[in-house]
Every structure is written in C-alpha cells, then in structure tokens.
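What follows is a single structure, written as structure tokens, with notes after it.
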Amino acid sequence: MALYALGDLHLSFQAHKPMDGFGRVWKHHERKIEKYVGQTVGPEDTLVLTGDHSWGRKLPECREDLAFIERLPGRKVLLRGNHDMFWDAKKTEALNREFAGRLFFLQNNFVPYRDYALVGTKGYTFEGPFYLDRWGNITGWDEEREAQAAKLVARETARLRESFRQAEAAGYRKFVMFLHYPPTSVLEETSPFTEMAEEYGVEAVVYSHCHGESRFGDSIRGSFHGIRYLLVSGDYLNFHPAQVLP
Ligand SMILES: [Fe+2]
Ligand SMILES: [Fe+2]
C-alpha cells in the first residue's frame, strides 16, 4: 500500500485541446499517464490527482476524461484545479454521490489513508501581473489583482481549515496536505497555507499547477521548516506519479 500523487493531466478526449504546443513533454501525454501510472500504482494504492484534470467546460464534456481516470489503477482522489470548470465548488457532494466507489472529490472533506488524513483544497496564489525592470527583476505588481487574490486565498484557507477540522474530529492527528496552486506566490516565503501546514504539523505539502521549466521553481520544493514540499505537475515529472508515503 502506497500513496502517490500526480497533477495537471489536462485531458481532452472530448474537448480536443491538444497540448503538443506546450512542448515535447506533452506529446501523447495521455499515453504516458496510462503507461507510467499503470507501471507504478497498484490496486491497493491511493493516487491523488492534484487538479486540472479536464479541458471540458461542463460535466458532459468531461465524461471520457473522467472515465480514463477511473480506469487508472488504485483508489483515485481528485483535487479541484483552476481549469476544472465541471466541478462547481458547491457541487462536491453531488459529484461524490454520482461517482461513489469510483472517484473521490476532495474539498471540504478528507480521505483516510493508513493513520493519516489526506486533506486539501484548490488553494490560490497571486500570479501577477508583475512589473519588471529590464533585467527581469520584479519592481511592482497590479495591486487591485493582488487584493482580489487575498480574498481568494482567505476563502481557500477556510476550506482547507474545514478539511482539517473534519479530520481532527474523526480522530486523525497525522496529515498530508494537497493543493492545486503552489503554497506561496513568487513574492512570498511563507503564506497562510504554509502556516496552516506548520500549525497541523503535516507530513508533506503536495501541489502542482506550475508548468514549464521557468515556473517549476515558483514555490517551495524540498524541506522547509521541517515539512516536505513536493511539486507533482505532470510535465515536471514527465507524468510519472510521485510517491508521497509508503
Ligand atoms: Fe495546469
Ligand atoms: Fe492549474
């Protein structure tokens, strides 16, 4: 039994949005997902997919993408990504009813794994626009957008807190925390998400969303204040799922 994570599958079996234009790593990426997840994840394992599952805009346009995910081995837990338009934040319970026993949608709830609780939410990170000098250093940013981002961060931290609250009420004291967005923006060293991770003493923080060589270093990777931070974007891992726990 092991816990794996992989993010940003960006499937489009129905929406037909080829990803090849984003670089060689995306060429036939769905075949790589099938192959590498198939080689790594066993039927007793848990695979957390950290958002941006499908390019479909509504659930009927995501059916084939979700069916593809269902056919992957192991227990599948899905996090909401910024592109997952099919997943209305208020409809998580309805999705969990519809896909019961096949897929689990993680938001305002938690998933038990051994003596751990898997908690998570989409998260949010301010992504600019930033103003740069001619050497590429950040000299300022759009303050209106930053204020809007702060509101979204507050909403997402409340959802994450609810996930922790339910897990604690059920008796869990060990946690793994999942986010779609990176835990910190490029301006930050810490954030409400890293603070919550430290408050609950989580084993690891797992996130994705960052695409392309130039963005992989946008947030924390490795050990920070005693917590492991793992970036699991599909293109970062060449679509090999990362093991989070044995
Ligand atoms: Fe993405
Ligand atoms: Fe994303």
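Values computed for the structure shown
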read-out: Near pairs, Cβ below 8 angstrom, 6+ apart or cross-chain, from segment 163-186 (closer than 10 Å to L118 by Cβ) to any residue that is part of a loop (DSSP other than H, G, I, E, B) and among the acidic types (D, E); value: Y172/D115; F175/E203; V176/E203
read-out: Identity of the residue in segment 205-216, buried (at least 19 other Cβ atoms within 10 Å of the Cβ) and of a type in the set (A, V, I, L, M, F, W, C), that ends up nearest to ligand 2 (Cβ to nearest atom); value: C210
read-out: Tabulated pairs, segment 221-246, first farther than 14 Å from L179 by Cβ and touching a residue at least 24 places away in the same chain (Cβ under 8 Å), second within 13 Å of ligand 1 (Cβ to nearest atom) and aromatic (F, W, Y), C-beta under 9 angstrom, 6+ apart or interchain; value: G234/W26; D235/F22; D235/W26; D235/F216; Y236/F216
read-out: Residue satisfying condition, being closer than 25 Å to E146 by Cβ, touching a Ser or Thr at 6+ places or on another chain (Cβ under 6 Å), more than 16 Å from ligand 2 (Cβ to nearest atom) and of a type in the set (S, T, N, Q), within set S191, S185, S233, S219; value: S191
read-out: Residue count, segment 38-65 (criterion: touching a strand residue (DSSP E or B) at 6+ places or on another chain (Cβ under 7 Å) and away from ligand 1 (no atom under 16 Å from the Cβ)); value: 5
read-out: Selection from segment 112-121 of residues that are over 13 Å from V206 (Cβ atoms) and touching a Leu at 6+ places or on another chain (Cβ under 9 Å); value: P112, R114
read-out: Residues of segment 197-216 that turn out to be more than 20 Å from N82 (Cβ to Cβ) and either of a type in the set (S, T, Y) or in contact with a strand residue (DSSP E or B) (Cβ under 9 Å, 6 or more places away or on another chain) (or both), as a count; value: 7
read-out: Y124 vs. criteria closer than 16 Å to E156 by Cα and hydroxyl-bearing (S, T, Y); value: yes
read-out: Residue tally, condition within 16 Å of ligand 2 (Cβ to nearest atom) and either within 13 Å of F110 (Cα to Cα) or of a type in the set (S, T, N, Q) (or both), over segment 129-178; value: 1
read-out: Any pair with Cβ under 6 angstrom, 6 or more apart, that starts in segment 72-89 at a residue that is without any contact (Cβ under 8 Å) to a residue 40 or more places away in the chain and ends at one that is among the aliphatic types (A, V, I, L, M) and within 13 Å of ligand 2 (Cβ to nearest atom); value: L78/L49
read-out: Residue check, F130 surrounded by 13 or more Cβ atoms within 10 Å (Cβ to Cβ), modelled with pLDDT under 95 and more than 20 Å from L79 (Cα to Cα); value: yes
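The values are calculated or read from the model by the stated rules, or taken from the named source; none is laboratory data. Because the structure is a prediction, the values reported are computed rather than measured. As a convention, Cβ positions derive from the backbone with ideal geometry for all residues, glycine included, and neighbour counts pool all protein chains shown.
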